[in-house]
Every structure is written in C-alpha cells, then in structure tokens.
Amino acid sequence: MSPPPPPASARFPDAPPSTGREARRDGTGANGSAPSGRPGAPAETPTETTARLRPVTASETTTRLRPITDAPKAERAGSIRSGGERRTAPAPVSAAASTAWSPPAPTRPGPLPAASAPDPALSWTAMAAARPVVSFGEPEAFTERAWHRVGPRTAAAAACLVLGLGLIGGAVTGSWLTDDGGDDASGDHFATAGTIWHNAPVDQLFPPTVQGTGAGPGGADRTWTRIAVAPDSGCAHAFDPLLSKVLAPVGCQRLVRATYTDATQSYVTTVGLLFTKGDPAAMSALAHRFRTEHLDRRTDLMPRPYAARDTVAAGFGDKQRASWTVSVLTDAPVVAYAVSGWADGRSVDAPLPAADAMRAGATTAPAQAGLGNEAQGLADRVERRLRQSIGTATEKPS
C-alpha cells in the first residue's frame with residue numbers, strides 16, 4: 001500500500017483544523033475507523049457538508065480580479081483563483097494513488113465573479129475617446145480665405161478715427177495758411193487788424209449791398225442795402241453807459257458804423273466796428289468776461305443805433321432797439337456789434353438778445369418779426385469781410 005498522505009494542515013496551511021464532529025477528508029471516520037464497505041474498495045468521492053469556511057480578509061474582498069486573457073487554455077483550465085491570486089491546480093495523480101487516497105476539493109469562501117475586461121469608463125484614454133468634440137468655429141469653404149467680421153463698434157471707431165484725422169489735418173493746414181511764419185506772423189496779423197480802418201475803403205468794410213443767404217427765419221434769404229455811413233469818430237454816446245464802462249479797459253481807438261435796411265424797408269439795422277487799443281491779452285480777458293458773465297445778454301449793456309437824417313432810419317433811437325448782438329474778437333483788436341429795430345419808429349418795451357430771438361419757439365414780437373436774424377446775420381457778414389480785409393493786408397509778396 002502507498003504511504004499515508006500528509007496531513008491537510010501541511011498541504012493547505014490556511015485549511016481550518018478538523019474537529020471530531022466533522023468527517024475526515026482522508027476517508028476515515030471521526031474516530032479514525034475505516035468507512036463501511038468492503039476493504040480495499042476504492043473510496044467514494046467525499047462531499048463536504050460541514051466544512052468550516054476560511055475567514056476572508058478585507059484585502060482579499062477588495063482586490064480587483066485581473067482577467068486571464070494571455071495564459072494558454074490549458075493553463076487557464078488548470079488554474080484557480082483565491083483571494084485575487086492565480087494558483088495552478090495540482091497535477092493529476094495516477095489511478096493507484098487515486099484508489100488509495102483522493103484529495104478533497106479545495107474550499108472557497110463563495111462564488112467568484114467571472115473575469116471580465118476592464119470598464120472602459122474607468123480608463124482615461126477611453127474617456128477621452130468617448131468625449132464628444134464640440135466646435136463653434138465656422139469651417140472654411142474649400143480653400144477660400146477666411147474673412148474677419150467687423151462689428152459695428154469697430155466700424156464706428158474706425159470712422160471716428162478717420163474723421164478725427166481729417167479734422168486735425170484740416171486744422172493744421174488752416175493754421176499754415178493763416179499763420180504762415182509762426183508767432184511773428186500772428187503779431188503782424190494783430191497789428192495790421194488794428195489799422196485796417198484807416199487803410200481799407202468804406203465799401204470794403206461796409207458794402208453797399210450785403211447778401212444774407214439763409215440768414216432769415218427758417219433759413220430764408222436776406223438782402224440788406226446800406227442807407228447811411230457814419231464818419232469815423234470816437235466812442236462817445238455810441239454805447240449805453242454801463243457798456244462803455246465795460247469796454248474801457250481795452251480803450252477806443254476808432255469807431256466806424258453804417259446803417260442798413262432790408263429789401264422791404266421794414267427793418268433797420270446799425271452795424272459797427274470798434275477798433276480798440278488793447279493787446280491780445282486784454283482782448284482775451286474781455287472776451288472771457290463777456291462769455292462767463294453773459295454781458296452780451298444784458299439789456300443795460302446795449303450798443304446805440306446810428307439814426308441818419310432823411311432815411312428810413314431817421315427815427316431809429318434807443319427806445320426802438322428790439323434786438324442786438326456783441327462779439328469780442330481775440331485775433332484782432334476789434335469789437336463787432338449790430339442792433340436792429342422797426343423802420344416805422346415803434347418803440348420796444350422788452351428788447352431781446354439776438355441769440356434768444358433766434359431760438360426756436362420764441363413768441364415775442366422781435367422774435368416773430370425776425371429782428372434777431374437781422375442783427376446777427378448782418379453782424380456776421382461784416383465781421384467776415386473784416387477778416388478778409390485783414391488777410392489781404394497781411395499777405396506777403398511772393
């Protein structure tokens with residue numbers, strides 16, 4: 001007979017010790033006696049009914065099963081898993097050995113899950129491949145060049161830039177044309193303007209006829225005809241007393257005046273040019289005071305008209321003044337002004353500055369009659385002719 005097999009504890013160190021209440025795995029009873037039956041007969045395959053399960057540790061239950069895909073079929077068929085590790089089953093024994101002793105089937109804590117491939121969701125490459133790719137770009141059509149869209153803000157900014165550069169270029173060009181020579185040319189311009197009254201003819205400063213295209217109410221055209229020219233004189237009795245006091249810091253060198261009437265001879269307007277003795281700084285200070293203190297809007301600071309005899313302006317006095325305007329120049333020692341009224345000699349209780357009389361919605365009599373347009377329109381055109389005369393006088397020979 002073959003020698004008895006080694007005890008189970010030596011072959012399977014993790015197998016639990018046998019107790020008297022359990023059947024032995026080697027074919028004997030609990031008391032060591034042989035099983036019933038004829039001696040020498042092959043032992044029946046034992047079945048385990050009360051085998052104690054080996055305790056399973058936490059590491060064994062949480063160990064991930066590794067799929068067996070690379071091993072040969074024969075190896076996979078003869079291998080078992082226990083606790084996440086692969087063990088090779090014992091080689092088959094001979095018929096004689098199996099007759100004497102048959103090893104019991106190893107016990108396992110429970111059915112193990114079948115090996116499966118790893119979950120693609122747990123793989124970074126699989127997740128990256130499965131992630132959808134979203135693109136908001138516009139595909140290029142064939143091989144055409146991609147054009148960038150220009151938003152409305154960009155277009156508006158570009159337009160403003162071009163307009164600004166054009167204005168700057170125009171201002172620079174204008175400064176070259178008018179101030180050729182720098183500061184010396186500006187000084188000559190100011191000095192020449194102070195003596196233009198003596199050198200320029202009367203018709204150059206006060207033309208016999210002045211065209212006022214769009215100067216009337218609502219953009220209507222106006223035509224003014226000169227009816228009288230006052231001899232050049234001083235400034236005595238030419239302004240209200242308070243206005244004379246305001247103009248005193250710049251002095252009075254010469255005063256030239258002329259009176260005009262409209263085409264219907266319904267209105268009369270006196271326009272004047274006061275040539276002062278002030279320098280550029282004094283003229284700038286006076287203009288600043290008029291602008292900040294609104295002196296050109298006060299009814300106690302009005303210029304007086306020139307009433308010529310034997311004309312429609314014969315009755316044009318202080319009480320007939322309906323509207324007026326005063327402008328202090330800073331590039332020439334000149335104060336330009338104009339005052340208008342009715343030609344029939346009617347008096348006006350509340351004269352109105354030209355700027356207010358020309359305002360839309362004004363309902364006073366001077367505003368409705370357009371007397372603000374008469375004063376402002378004629379003063380603007382006489383001032384324009386004065387600047388043209390100064391420019392001609394300061395022109396240097398080529």
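Taking the range 331-353 as the search range and keeping residues that are surrounded by 16 or more Cβ atoms within 10 Å (Cβ to Cβ) and among the hydroxyl-bearing types (Ser, Thr, Tyr), which one is nearest to VAL256 (Cα to Cα)? Walk me through it before giving the result.
Start the filter on the range 331-353 by keeping residues that are surrounded by 16 or more Cβ atoms within 10 Å (Cβ to Cβ), which leaves 331-343, 345, 348, 351-353.
Still in the running and among the hydroxyl-bearing types (Ser, Thr, Tyr): 337, 340.
Values: TYR337: 11, SER340: 17 Å.
In this case the residue turns out to be TYR337.
Evaluate the range 335-345: report whether one residue or more is farther than 28 Å from PRO201 by Cα and among the aromatic types (Phe, Trp, Tyr). Step through it out loud before you land on a result.
Of the residues in the range 335-345, the ones farther than 28 Å from PRO201 by Cα are 342, 344-345.
Filter once more, so that each one left must be among the aromatic types (Phe, Trp, Tyr): 342.
Yes, some residue in the range 335-345 is farther than 28 Å from PRO201 by Cα and among the aromatic types (Phe, Trp, Tyr).
I'd like the residue in the range 312-330 that is assigned to a loop (DSSP other than H, G, I, E, B) and within 46 Å of the chain's Cα centre (by Cα) and, out of all such residues, is surrounded by the most Cβ atoms within 10 Å (Cβ to Cβ).
Within the range 312-330, the match that is surrounded by the most Cβ atoms within 10 Å (Cβ to Cβ) is LEU329.
Looking only at residues that are part of a helix (DSSP H, G or I) and modelled with pLDDT under 95 in the range 358-371, which one is nearest to the chain's Cα centre (by Cα)?
ALA367
Determine, yes or no, whether ASP296 is among the acidic types (Asp, Glu) and farther than 20 Å from ALA248 by Cα.
no
This table checks each residue for (1) modelled with pLDDT under 95; (2) within 22 Å of LEU205 (Cα to Cα); (3) more than 50 Å from the chain's Cα centre (by Cα).
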residue	(1), (2), (3)
LEU243	no, no, no
VAL246	no, no, no
PRO249	no, no, no
LEU255	no, yes, yes
ALA258	no, yes, yes
THR264	yes, no, yes
VAL268	no, yes, yes
MET283	no, yes, no
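Among the numbered criteria (1) in contact (Cβ under 8 Å) with a residue 24 or more places away in the chain; (2) more than 46 Å from the chain's Cα centre (by Cα); (3) under 23 Å from ILE196 (Cα atoms), which single criterion is violated by GLU395?
The single condition GLU395 does not satisfy is (1).
Looking at ALA308 and the list (1) surrounded by fewer than 22 Cβ atoms within 10 Å (Cβ to Cβ); (2) assigned to a loop (DSSP other than H, G, I, E, B); (3) in contact with a helix residue (DSSP H, G or I) (Cβ under 8 Å, 6 or more places away or on another chain), which single condition is not satisfied?
Looking at each condition in turn, ALA308 falls short on (3).
Under 7 Å between Cβ atoms, at least 6 apart or on separate chains: pull out the pairs that start in the range 360-371 with a residue that is on the phi > 0 side of the Ramachandran plot and end on any residue that is of a type in the set (Gly, Ala, Ser).
Pairs found: GLY370/GLY216.
Among the residues of the range 377-394, which ones are among the β-branched types (Val, Ile, Thr) and at pLDDT 95 or above?
If we filter the range 377-394 for residues that are among the β-branched types (Val, Ile, Thr), which is where we start, we get 382, 390, 392, 394.
Selection gives VAL382 alone.
Looking only at the range 296-339, how many residues end up being closer than 17 Å to ASN373 by Cβ and polar (S, T, N, Q)?
Residues flagged as closer than 17 Å to ASN373 by Cβ and polar (S, T, N, Q) within the range 296-339 amount to 3.
Could you grab me the full set of residues in the range 248-271 that are touching a strand residue (DSSP E or B) at 6+ places or on another chain (Cβ under 7 Å) and more than 20 Å from ARG321 (Cβ to Cβ)?
Hits for the range 248-271 are CYS252, GLN253, ARG254, ALA263.
Would the range 387-398 turn up any residue that is part of a helix (DSSP H, G or I), in contact with a helix residue (DSSP H, G or I) (Cβ under 7 Å, 6 or more places away or on another chain) and β-branched (Val, Ile, Thr)?
Looking through the range 387-398, at least one residue is part of a helix (DSSP H, G or I), in contact with a helix residue (DSSP H, G or I) (Cβ under 7 Å, 6 or more places away or on another chain) and β-branched (Val, Ile, Thr).
If I filter the range 354-379 down to residues being surrounded by fewer than 19 Cβ atoms within 10 Å (Cβ to Cβ) and charged (D, E, K, R), which single residue comes out as nearest to GLY187 (Cα to Cα)?
ASP356
If you check every pair at least six apart or on different chains, which have Cβ atoms under 8 Å apart with a residue in the range 199-224 that is under 19 Å from VAL268 (Cα atoms) first and a residue that is of a type in the set (Ser, Thr, Tyr) and crowded, with 18+ Cβ neighbours inside 10 Å second?
Here the result reads LEU205/SER389; VAL210/TYR260; TRP224/TYR260; TRP224/THR261; TRP224/THR269, each pair linking the range 199-224 to a residue that is of a type in the set (Ser, Thr, Tyr) and crowded, with 18+ Cβ neighbours inside 10 Å.
The values are calculated or read from the model by the stated rules, or taken from the named source; none is laboratory data. Remember, predicted model here, so these are calculated numbers, not experimental data. Neighbour counts run over all protein chains shown; Cβ positions are idealised from the backbone, glycine included.
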